[in-house]
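This report concerns only the one structure given below.
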Amino acid sequence: MPSNRSDRLARLMRAATENGTAVPAFNVPYLPLVRPICEALERHGAFGLAEVARLELYKFEAGSLAAVAEEYDRWANRRNDALHLDHVPVIDEDNLTVDYTALIAEGIALGYDSVMVDGSRLSFEGNIDAAARVVAMAHPEGVLVEAELGAVLGHESGPMPPYDELFATKRGFTEPDQARSYVEQSGVDWLSVSVGSVHGAIAPSTKGQTKVTARLDVERVSELRAATGVPLVLHGGSGIAVEYLRAAIGAGMAKVNVATDIRQPYERALAAGGSVADGQAAAAHALDRLLTDVLQLDGSLAMLQSLIGERS
Ligand code: 13P
């Protein structure tokens, strides 16, 4: 049975989807980013998530799921935020097989509100099986589950296909009929879909590069929303052309994952000789711009609260 906390998160996400509002999820590749994320959400009266992906534990400096949960507990206020475990792959970006159930179990035990299993490198049936397994672990503990269908490229070490070709051919884009059957069979709460976004690069030689300006197939978002009936998740949320981003959110894209747009300002501040506090200030500046100018989320918490009948 879902706990009150995940029940609230589930209702806020559904309200965001139905109202055409985003719930941003900001990644934590470095532990000091938790503080500016939580503070920015509160400062703007917005609701969002702090999240950490498996690759941020060992390719960056997030450390461990426990370290992120502890840092989150220091800065969270829980009205404005929740904690999500992002990308736990079954096969990872380097094609290695991962003991994904162990990491998911660790996240659930540590109190993460929601978890993502990424079976997108498996067959359709294998992806459903992995997601259903995680749902069976998470739901009895009151934890929500996100999964991915389709290919959101960018984390892999090899070269990316040219972006214009990717967008024109819709290679790897999520098919609505498959998505409907995937959600029905797996029982996941939220679905990450591929509709034109790509992840920011993470390899040491490319992680500082400016991302390609991605576009989104907004019609496909509407079709996926109608087919699945669940909140949709946009990965690769940094650097998307803003008119496409807003239209996709209006069409039902609810959770928007953003890593590169706050990671790079933090890294640049430290690389220039700045302190951790300088890095946090650079991230805070980027968060202000994202929450206000890009996603237009000032006051989104009160609006979502009124939609779910919660007093603000
Ligand atoms: P960006 O790095 O492109 O913002 O993508 C973040 C993401 O999707 C994390 O899951």
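Things worth noting here:
- With both labels modelled 7 Å from their Cα along Cα-to-Cβ, the Q296 to N77 distance reads 2.5 nm.
- Across region 254-262, rounded Karplus estimates of 3J(HN,Hα) from the backbone phi angles (6.51 cos²θ - 1.76 cosθ + 1.60, θ = phi - 60°) give 9, 8, 10, 7, 10, 10, 3, 5, 10 Hz, Gly and Pro being marked x.
- The antiparallel fraction among DSSP beta bridges confined to the chain stands at about 5%.
- Volume per residue for the chain equals 116 cubic angstrom (convex hull of Cα atoms).
- Once both labels are positioned 7 Å from their Cα atoms along Cα-to-Cβ, the gap between D7 and A281 label points is 4.5 nm.
- Here's how it looks for A53: its modeled amide H is under 5 Å from those of V28, D86, which are all 5 or more places away or on a different chain.
- Translational diffusion coefficient (Stokes-Einstein; Kirkwood radius from C-alpha pairs) of region 257-296 at 4 °C, 1.567 mPa s, in µm²/s: 128
- For region 162-312, a/c is not less than 1.5, where a ≥ b ≥ c are the root eigenvalues of the C-alpha gyration tensor, and a/b does not top b/c. That puts it in the oblate class.
- Straight-distance crosslink candidates among lysines, where the alpha carbon sits under 23 Å from K170 and sequence neighbours closer than 8 are dropped: K211, K255
- Amide H contacts of F47 (H built 1.01 Å from N, under 5 Å, at least 5 apart or other chain): S300, L301
- Across region 88-142 the C-alpha pair distances fall into 5 Å bins from zero in the proportions 4, 21, 32, 23, 13, 6, 1 percent.
- Region 152-208: mean projected area of Cα convex hull, nm²: 5.0
- 16 Å cut-off, amide nitrogen to a point 7 angstrom out along N19 Cα→Cβ, residues in region 42-70: 42, 44-49
- With N as its number of residues, region 73-192 has a Cα radius of gyration that, divided by 2.2 N^0.38 Å, comes to 1.14.
- Principal axis dimensions, largest first and in whole angstrom, of region 227-312 by Cα: 48, 32, 19
- Placed amide H near V212: partners under 5 Å, 5+ positions off or other chain: none
- Phi angles across region 40-46 convert, under the Karplus curve 6.51 cos²θ - 1.76 cosθ + 1.60 with θ = phi - 60°, into 3J(HN,Hα) values of 5, 4, 5, 4, 9, x, 9 Hz, Gly and Pro given as x.
- Stretchable slack from A168 to A136, in nm (0.36 nm times residue separation minus alpha-carbon distance): 7.7 nm
- Backbone phi angles across region 191-205, fed through the Karplus curve with coefficients 6.51, -1.76 and 1.60 (θ = phi - 60°), yield HN-Hα couplings of 10, 7, 10, 9, 9, x, 7, 10, 6, x, 5, 10, 5, x, 7 Hz in residue order; Gly and Pro are listed as x.
- Only one residue of L110, I128, P89 has its Cα farthest out toward the positive end of the dipole of region 84-137, where Lys and Arg carry +1 and Asp and Glu -1 on Cβ, and that residue is I128.
- Within region 1-118, percent of DSSP bridges classed antiparallel, to nearest 5: 5
The numbers here are math on the coordinates, done by the rules we state, and not lab data. Just so it is clear, the structure is predicted and the values come from calculations on it, not from any experiment. All Cβ positions, glycine included, derive from the backbone under ideal geometry; neighbour counts span all protein chains shown.
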